[in-house]
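The values are calculated or read from the model by the stated rules, or taken from the named source; none is laboratory data. These numbers come from a predicted model, not from an experiment. Cβ coordinates were reconstructed from backbone atoms using ideal geometry, including for glycine residues, and neighbour counts include every protein chain displayed. Please note that ligands, DNA and RNA were not included when accessible areas were found on the heavy atoms of the full protein model with its side chains. Shrake-Rupley method; radii C 1.70, N 1.55, O 1.52, S 1.80 Å.
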Amino acid sequence: MSWCSGLEAICRRDVPLRDYTWYGLGGPAAWLVTPRDEGELAQTLVQCTVARLPWRVLGRGANLLVRDAGFDGVVIRLSGPAWERTWFDPPHAHAGAGADFPKLVKQCVERGLLGLENLVGIPGSVGGAIRQNAGGRHGSVADYVHTVRLVRSDGSVRAHSAAELGFGYRRSQLDGGVVSAATFALQSGDSAAGLARYRALWNEKYASQPPLSAKSAGCVFKNPPGRAAGRLIDEAGLKGRRCGAAEISPKHANFIVAHPGATTQNVLDLITLARDRVFERTGIRLELELEVW
Ligand code: EPU
């Protein structure tokens, strides 16, 4: 019996992942599963566990680099109406894991639900933003999380408070749980003031970063304590350095941009180069922020 017995309607074989990532790079997933609701997600996780198949959850592919060989396991994609729903009950906002995070931010500000405008310009899904505790200079997702519903690999489902989720700098400890939905605790306030801040932070961000149209996955490395990875790579003289058609952004050295014709290996070679050069110069080991499958 196949591992995906009963899930055939939502399973596809050998699906190119490049179509689902901002980088537009990388090979296929052996299986791509698109559960339509929490029950099908739970069933998928249980069956992967029983069959001992490795699995990953695909968000909107904004912080993801897929190897050229692809991923030899099950990729779970939370897309469709059940996952992309957002709803509001001030001062709270709720969203499914597959909802577009920037869209949620905009919807909140427009309704005078304030807080998330500090996170303007962070692409990705709500689930991905929570798992990675996405953020920047003005805060991170954990600052606004109230509760998160997690589905576990044994099929159980439970809501967890933010304190239970082990949030740290660009990380969380979901212990193998998959985000199904989340509630954010915000402040009711003046939408005009919120929108003004939203626009100001947007401009601040994109004055210093490559445009969203450039193929990248945002910052490649975490900032080491007290330092900025972009500055360290810049000081190592690597801005504009290329491997194949991948390039360390001349605008912000913690971004690697994939020009037409680039491969994942080109990006990985630049990652190794940046790590090695920064280590030789400073003794600091840069840690990946970007997720690599
Ligand atoms: N810098 C350089 N050269 C460069 C890039 C940066 O000298 O090529 C210097 C800047 O001048 C500044 C310092 O490094 O003094 C920090 O740079 P920046 O203000 O651009 O912020 P960052 O620390 O590089 C962080 C987040 C970003 C987020 C911004 C703005 C991390 C790893 N990065 O970047 O998040 O957009 O703050 O809020 O935490 C991401 O997560 O993908 C991401 C891009």
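Checked against the criteria, residue 148 counts as of a type in the set (A, V, I, L, M, F, W, C), more than 16 Å from the ligand (Cβ to nearest atom) and within 17 Å of the chain's Cα centre (by Cα). Among the residues making up the range 273-287, a single one is exposed (fewer than 15 other Cβ atoms within 10 Å of the Cβ) and within 21 Å of residue 62 (Cα to Cα): 287. Selection of first residues in the range 1-21 that are touching a residue at least 40 places away in the same chain (Cβ under 8 Å) and of second residues that are small (Gly, Ala, Ser) and in a strand (DSSP E or B), restricted to Cβ pairs under 6 Å at least 6 apart or on distinct chains, gives the following pairs, ordered by first then second residue: 15/29; 17/29. Looking only at residues in the range 151-191 that are of a type outside the set (A, V, I, L, M, F, W, C) and touching a Pro at 6+ places or on another chain (Cβ under 8 Å), the one that is nearest to the ligand (Cβ to nearest atom) is 187.
Yes/no per residue for (1) touching a His at 6+ places or on another chain (Cβ under 6 Å); (2) of a type in the set (A, V, I, L, M):
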{"site": "230", "(1), (2)": "yes, no"}
{"site": "233", "(1), (2)": "no, yes"}
{"site": "240", "(1), (2)": "no, no"}
{"site": "248", "(1), (2)": "no, yes"}
{"site": "259", "(1), (2)": "no, no"}
{"site": "273", "(1), (2)": "no, yes"}
{"site": "289", "(1), (2)": "no, no"}
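Selection of the range 97-125 for residues being of a type in the set (Asp, Glu) and either crowded, with 18+ Cβ neighbours inside 10 Å or within 23 Å of residue 58 (Cβ to Cβ) (or both) yields 100, 117.
Quick one: which residue in 135, 139, 128 is over 14 Å from the mean Cα position of the chain (by Cα) and either open to solvent by 10 Å² or more (accessible area, probe 1.4 Å) or at pLDDT 95 or above (or both)? The match here is 139. For the range 83-96, filtering for residues that are part of a helix (DSSP H, G or I) and open to solvent by 10 Å² or more (accessible area, probe 1.4 Å) leaves 1.
Considering only the range 97-125, how many residues are assigned to a loop (DSSP other than H, G, I, E, B) and under 13 Å from the mean Cα position of the chain (by Cα)? Please lay out each step first, then the result.
Taking the range 97-125 first, the residues assigned to a loop (DSSP other than H, G, I, E, B) are 97-99, 111-112, 115, 120-124.
Among the residues that remain, those that are also under 13 Å from the mean Cα position of the chain (by Cα) are: 97-99, 121-124.
The number of residues fulfilling the criteria is 7.
Quick one: is residue 133 under 23 Å from residue 191 (Cβ atoms), within 16 Å of the ligand (Cβ to nearest atom) and either in a strand (DSSP E or B) or polar (S, T, N, Q) (or both)?
Values: under 23 Å from residue 191 (Cβ atoms): no; within 16 Å of the ligand (Cβ to nearest atom): yes; either in a strand (DSSP E or B) or polar (S, T, N, Q) (or both): yes.
No.
Quick check: anything in the range 62-82 in contact (Cβ under 8 Å) with a residue 24 or more places away in the chain, assigned to a strand (DSSP E or B), touching an Asp or Glu at 6+ places or on another chain (Cβ under 6 Å) and closer than 29 Å to residue 113 by Cα? The answer is no, given that none of the residues of the range 62-82 is in contact (Cβ under 8 Å) with a residue 24 or more places away in the chain, assigned to a strand (DSSP E or B), touching an Asp or Glu at 6+ places or on another chain (Cβ under 6 Å) and closer than 29 Å to residue 113 by Cα. The residue pairs whose first member lies in the range 129-145 and is under 18 Å from residue 93 (Cα atoms) and aromatic (Phe, Trp, Tyr), whose second member is more than 11 Å from the ligand (Cβ to nearest atom) and part of a loop (DSSP other than H, G, I, E, B), and whose beta carbons are closer than 8 Å, counting only pairs six or more residues apart or on different chains, are 144/115; 144/186. Looking only at residues of the range 200-234 that are touching a residue at least 40 places away in the same chain (Cβ under 8 Å) and hydroxyl-bearing (Ser, Thr, Tyr), we find that the one that is nearest to the ligand (Cβ to nearest atom) is 208.
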